[in-house]
Each structure stands twice: as C-alpha cells, then as structure tokens.
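What follows is calculated from the coordinates using simple rules that are stated; it is not laboratory data. Treat the numbers as computed from the prediction; the structure is a model and nothing was measured. Heads up, the Cβs are rebuilt from the backbone with ideal geometry, glycines too, and the neighbour counts pull from every protein chain shown.
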Amino acid sequence: MSLNRKIIIDGCCKEDMDIRKIFRTISIQMSKEFEASSEVTHLGNRGAIRESRLKEFLEKGKLPKKYGIGAGEIISRFQTVSKQIDLIIYNQFDGVSLNFSDTVQVYPIECVYGTIEVKSSLSKHELIESLENIKSVKKLIPDVTTRISPSRDPRPFGIIFAYQLAGNSLDSLKHNLEEWEAENNPIHWPNAIVVLGEGIIFHINSNLKNRYANHEIDSASMAIDIHYRKDALFHFYSILIKLCSTTKLLPIELDKYFDPSEQIGEYIVSNHTGMRRGKDQQIYKLNKHFIDKIICRCKSQERITYHDLLLRQFGQIPVGMDQDHLDSEIYLFDPDNLIGTHHSADSLPTINGNPYASEKVLIPCHHIVINDEVYVFPFSYVTEGDTETIPKKTIEDL
C-alpha cells in the first residue's frame with residue numbers, strides 16, 4: 001500500500017511526501033554515478049570517487065551538523081593506532097582532529113562515533129579486509145573499559161557500505177561473516193553491512209529483535225541478511241542515525257596522550273615506562289611478568305593508605321602533605337617486608353657486629369597505575385627479567 005495520501009493545505013490539495021521515493025531516487029543516482037566511475041582506470045581515484053559520493057550524501061543535510069566526516073587513522077591513549085579508514089564520523093563541535101595535511105588526518109578515539117568502510121564490489125576478500133579495518137578501530141578501546149560499564153560501550157560503531165556485490169550474494173556474504181565472527185571477539189564485530197540496491201546484513205537475538213549497537217551484540221547474536229532492494233539506502237541511513245545518537249563518547253583528555261597508558265594482557269597500565277639501567281641510553285618499561293607478579297601478590301592482601309606508607313618509609317609524615325592524598329589507598333608490593341630509613345642502628349642487620357644498611361630498603365619507591373588502581377613498589381624488587389626495551393626510544397626522548 002502506498003504511503004501517498006492527499007491533504008488540504010491553505011485550500012489546496014497536495015500529496016504527502018513519500019520518503020521511500022526520495023531515498024530510492026538518491027539510490028538510483030548513486031548507482032549511476034558509481035557505474036560512471038568504473039571508467040576511471042586508476043584504482044585510487046576510483047576509490048576517492050565512491051567515498052566522496054557517500055560522504056556528499058551524508059553531509060548535505062543527512063547528518064546533524066555536529067557529526068563531521070573525515071578519513072585517515074584513529075589513535076588512542078593506549079599507544080595504539082587503527083588502520084587507514086575510509087570515512088570517520090567524529091564530533092566536530094566538541095572533538096578535535098589532528099590534520100597534519102590534506103591527506104594525513106588523525107583522530108583521537110574519544111572524538112569518534114563510528115567508521116564506514118566503502119567498497120565498490122563486496123567480494124569475500126574485500127569483506128574480510130573491511131572487517132579487519134573495523135576491528136582495528138574497536139580494539140583501540142581496551143576490553144576492560146567495556147567490562148566496567150557494558151551498557152555504555154564507547155567503542156565506535158563500524159559499518160561496511162558497498163555499491164554492488166561481486167558475483168556473489170548477500171547470503172554468501174553472511175556465511176563469510178559468520179566464519180570470520182567465529183574466530184573473533186563479539187566486541188569487534190561490525191554493526192551492519194550494506195550493499196546498495198541489494199540489502200543489509202546485521203545481527204538479531206534469540207527473540208528475533210534487531211541488534212545494532214555495540215552493547216547489544218554478543219556471542220548469542222546471529223547474523224541475518226534482509227533483501228531491502230531499492231530501500232537499502234533508507235535502512236542504512238536509519239541505522240546510521242540510530243548508532244550516531246546512541247554511541248557515548250569518552251571525555252577528551254589529550255594530556256594522557258603525552259604519557260600514554262598501555263594494555264598489557266588484560267590490564268591497562270600507566271607510569272611503567274621511562275626506566276634506565278645505569279648509564280645505558282636505552283629506555284625500558286616494566287613487562288607483563290612483573291605486572292602479573294605485582295597483581296598476584298597484592299590482590300591477596302589489604303590496601304594501605306599513603307599515610308601508612310610514609311610512616312613505614314620515614315617514621316613520620318612530611319610537613320605540608322595533602323590530607324586527601326594521605327588518605328588515598330594503594331597496594332604495596334613488599335614481599336620481604338623491607339625496612340625504612342628511620343630505623344636505628346641497633347635495629348639494622350650486622351656484619352661482624354657492625355650495623356649496615358641493606359641494599360633492599362623501602363625507598364626509593366615507584367608507583368604504577370593498573371586498571372585505575374595504584375600499586376607502589378621499591379625499585380630494589382625490579383630485576384633485568386622484569387623489564388623490556390622500548391624500541392627506537394632513548395634517554396633523549398624523555
């Protein structure tokens with residue numbers, strides 16, 4: 001049944017606007033322009049044409065003004081970077097884009113709502129390549145971040161948009177997707193796959209409810225292909241608007257890019273780099289072995305306050321210390337129960353009756369942050385086997 005119906009406005013008879021016809025007309029026009037671009041022999045130029053046409057469609061009033069559209073790479077404060085992305089939808093009102101040139105653009109992950117991989121013909125090879133690109137973006141947000149608040153998953157969404165099939169079918173693409181997803185974590189799965197004039201592949205749950213947002217997609221979700229045909233563009237646009245409006249961005253903290261955190265195993269670790277060995281010009285960082293050792297030991301004991309730590313180190317509290325800092329809790333890694341500097345000579349170990357200060361004392365100490373919790377340890381516990389080099393970084397970089 002047509003959505004067209006007549007209404008009376010100012011005494012004149014007019015027809016309702018049929019939004020399907022608008023999108024169908026645009027879809028046909030985009031398909032024709034894509035076919036015309038096939039005459040361009042240079043693959044790079046052809047790719048630029050297909051991406052610019054979709055970008056033009058989205059920019060000309062189809063997306064709210066706060067959503068900017070760029071291209072390039074996405075970086076995180078965890079020392080990671082995505083692959084080259086075709087279209088990046090970012091917050092152009094409150095976000096930032098680090099444009100180094102007309103061709104090199106870098107976006108902090110905290111500014112990015114989502115990405116779109118644009119393909120001419122979606123073969124299995126092109127599908128897998130696009131899936132890996134989307135995965136490279138979603139991996140920028142460590143798993144622990146989403147486990148803390150799964151309903152506010154800040155990962156950018158990822159959509160694949162193709163102008164046509166490559167001698168295959170939506171059903172075969174769905175099977176290719178299922179093979180890939182069987183080998184990958186659901187938090188890295190795409191949010192939708194669109195083929196202009198054909199249809200869309202997305203996920204549903206056991207109750208056959210559509211699942212588009214990141215927090216809705218899990219291991220129980222199933223891929224489904226719907227042959228929307230002429231209405232594929234409209235449904236793509238509807239899904240895109242939904243994903244843009246529901247994606248929650250993380251706060252922008254560019255200062256954390258100066259000394260970035262790092263995902264080590266299942267932990268997010270910071271303040272663990274910049275270490276030296278004697279006069280060695282090489283820079284080192286604590287490795288996973290040491291991180292695991294600290295976690296294993298400290299999680300089996302109670303936390304203490306900085307106030308307690310200072311008393312153990314110096315026997316007194318230095319003048320002028322902030323009370324909030326003194327009251328904050330930490331984990332202390334000190335399996336040998338080392339002594340502080342305030343111990344008298346009578347309490348120190350002796351050699352031939354003479355007191356001496358052990359090499360292992362409770363200072364100097366260092367602190368690292370693991371999953372937003374502070375861990376303190378004396379440097380004397382760190383051995384060569386607890387560190388690894390940071391490639392291409394020397395003391396001059398500090």
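As a proxy for reagent exposure, T273, T383, T246 were ordered by neighbouring Cβ count within 10 angstrom, fewest first; the result is T383, T246, T273.
Residues whose amide H falls under 5 Å from that of G72, counting only those 5 or more places apart or on a different chain, are I85, with hydrogens built in the peptide plane.
Structure note, pairs K138/K293; K139/K248; K135/K299; K83/K230; K66/K230: Cα-Cα distances above 26 angstrom occur for K138/K293; K135/K299; K83/K230; K66/K230. Look at where the Cα atoms of the stretch 211-237 and of the stretch 305-320 average out, and the two centres are 58 Å apart. The H on the amide N of S97, modeled in the peptide plane, is under 5 Å from the matching H of no residue at least 5 residues off or on a different chain. Remark on L122: its backbone amide H falls under 5 Å from those of Q164, L165, A166, a criterion applied only to residues 5 or more positions apart or on other chains, H modelled at 1.01 Å from N. Using only Cα atoms, what Kirkwood radius does the stretch 300-339 have, in angstroms? This gives a value of 10.9 Å. The alpha-carbon of K392 sits under 18 angstrom from the alpha-carbons of these aspartates and glutamates, leaving out residues fewer than 8 places away in its chain: D259, E262, D280.
Among D259, D218, sorting on how many other beta-carbon atoms sit within 10 Å of each Cβ, with the fewest leading, yields D259, D218. Cβ crowding within 10 Å ranks W189, W180 as W180, W189, fewest other Cβ atoms first.
Listed cross-link partners K279/K360; K32/K209; K60/K119 are compared with a 27 Å cut-off, the Cα-Cα value being larger for K32/K209.
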